[in-house]
Amino acid sequence: MTAPVSPTAPSAPSAPVGSVRRVAGTAGAVLLALAVLLGLQLRLHDGAPVALDLGASTWAASVRAAAPWTETVALWLNWVGGGFVAIWVVPAAILVGLLLARRWRGAVTTAVALIVSAGAVQLVKNSFDRVRPETTLVTSDHGSFPSGHTANAATLAVLAVVLVPPAWRRWTALVGALWVVVMATSRLILSIHWATDLVGGAFAGLGAALVVVALLPAGRRIRLPPPGSPGGR
C-alpha cells in the first residue's frame, strides 16, 4: 500500500499585474511632477546654483585634478549617452533585437518610452532654460536642466529591468542603477551640468519610463503558430 502523499503548501500569491502597473504608473507620475517642481524651485532663484550644485562642482574639479583619466572616461560617456549614438544607434540596436526575438509589445514599449522620455526632457529644458556652468569642458545644446544624458540612462535602466527574465531583474536593477550614477557623475566631471540637473534628469527619465511601462506593458515573446497549422493560415 502506498503512503499518502501530503499536499504541498500553496505558494504565496503574487501581486496582481494590474496592481503592479498602477503602482508603476503612480510612481512615474510622481517622479515627473518632482522634476517639474524642482525646475520651478530653481526658476525662483533664476537658475542660480544652490549649495548642492556648488559642492558637487568643487568635488568634480578635485576628482579631475587627482585623476585626469576620469575626464577621458567622461568624454566617452558623453559620446555614448547622447547625440547620434544615444538617439539612433542604441535604440535601433535594442529594437532590432526585440523584433528578432518576436517581442513586438516590448519593441513598441521601448520605442514609446524613449520618445516620451526625450520629449519630456526637451519640454522641461525649453520651459526653464537654465544656464549651464561656465566651466563646461564640452559644447552642448541650450538648457542645463534637466540632464538629457542622465534621463536617457534612467529610461534605459527601467526598460532593461522590464524586458529581462524575472530571475535576472534584481541584478539588472543594480547594474541599471550603477549605470545611471556613472552617467550622472560623468556630467559633473565634464562640468556640463549642475548636480540638481542630474537629479531632475533621473526623475524625468525614470518617471517617463514607468508611466509608459504602466500603460504599455512590454509582455512576453509572442509565439506565432507554425505554418500550415489552423492558426498559421
* Need at least 3 residues that are of a type outside the set (A, V, I, L, M, F, W, C) and modelled with pLDDT under 95 per element, so show me which helices (runs of 4 or more DSSP H) inside region 1-97 make the cut, counting only ones lying wholly within it. => 17-44
* To do: Specify the residue that is farthest from Val20 (Cα to Cα); the eligible residues are those in region 160-211 that are surrounded by fewer than 24 Cβ atoms within 10 Å (Cβ to Cβ) and of a type in the set (Phe, Trp, Tyr).
  => Trp179
* Where a residue in region 52-64 is at negative phi and buried (at least 16 other Cβ atoms within 10 Å of the Cβ) and its partner, wherever it lies, is assigned to a helix (DSSP H, G or I) and among the acidic types (Asp, Glu), with Cβ under 8 Å and at least six apart -> Arg64/Glu71
* Exclusive hit being under 26 Å from Ala35 (Cβ atoms) and under 14 Å from the mean Cα position of the chain (by Cα), set Gly106, Gly143, Gly82 -> Gly82
* Asked: Which condition number in (1) among the charged types (D, E, K, R); (2) assigned to a helix (DSSP H, G or I); (3) closer than 20 Å to Gly200 by Cβ is the one that Arg105 fails?
  -> (3)
* Asked: With (1) surrounded by fewer than 23 Cβ atoms within 10 Å (Cβ to Cβ); (2) part of a helix (DSSP H, G or I); (3) aliphatic (A, V, I, L, M) as the list, and Val131 as the residue in question, which single condition is left unmet?
  -> (2)
* Determine whether region 173-192 contains at least one residue that is charged (D, E, K, R) and either in contact with an Asp or Glu (Cβ under 9 Å, 6 or more places away or on another chain) or modelled with pLDDT of 95 or more (or both). => yes
* Structure fact -> For region 79-96, pairs from a residue that is under 11 Å from Asn152 (Cα atoms) to a residue that is modelled with pLDDT under 90 and exposed (fewer than 13 other Cβ atoms within 10 Å of the Cβ), with Cβ under 8 Å and 6 or more apart or across chains, are none
* What number of residues in region 95-115 are buried (at least 19 other Cβ atoms within 10 Å of the Cβ) and in contact with a helix residue (DSSP H, G or I) (Cβ under 6 Å, 6 or more places away or on another chain)? -> 6
* Please specify each residue of region 159-173 satisfying the condition of being in contact with a Ser or Thr (Cβ under 7 Å, 6 or more places away or on another chain) and not in a helix (DSSP H, G or I). => Val164
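The values are calculated or read from the model by the stated rules, or taken from the named source; none is laboratory data. Bear in mind the structure is a predicted one, so any value in this text is a computation, not a measurement. When we count neighbours, we look across all protein chains shown, and the Cβ atoms used for this are built from the backbone with ideal geometry, even at glycine.
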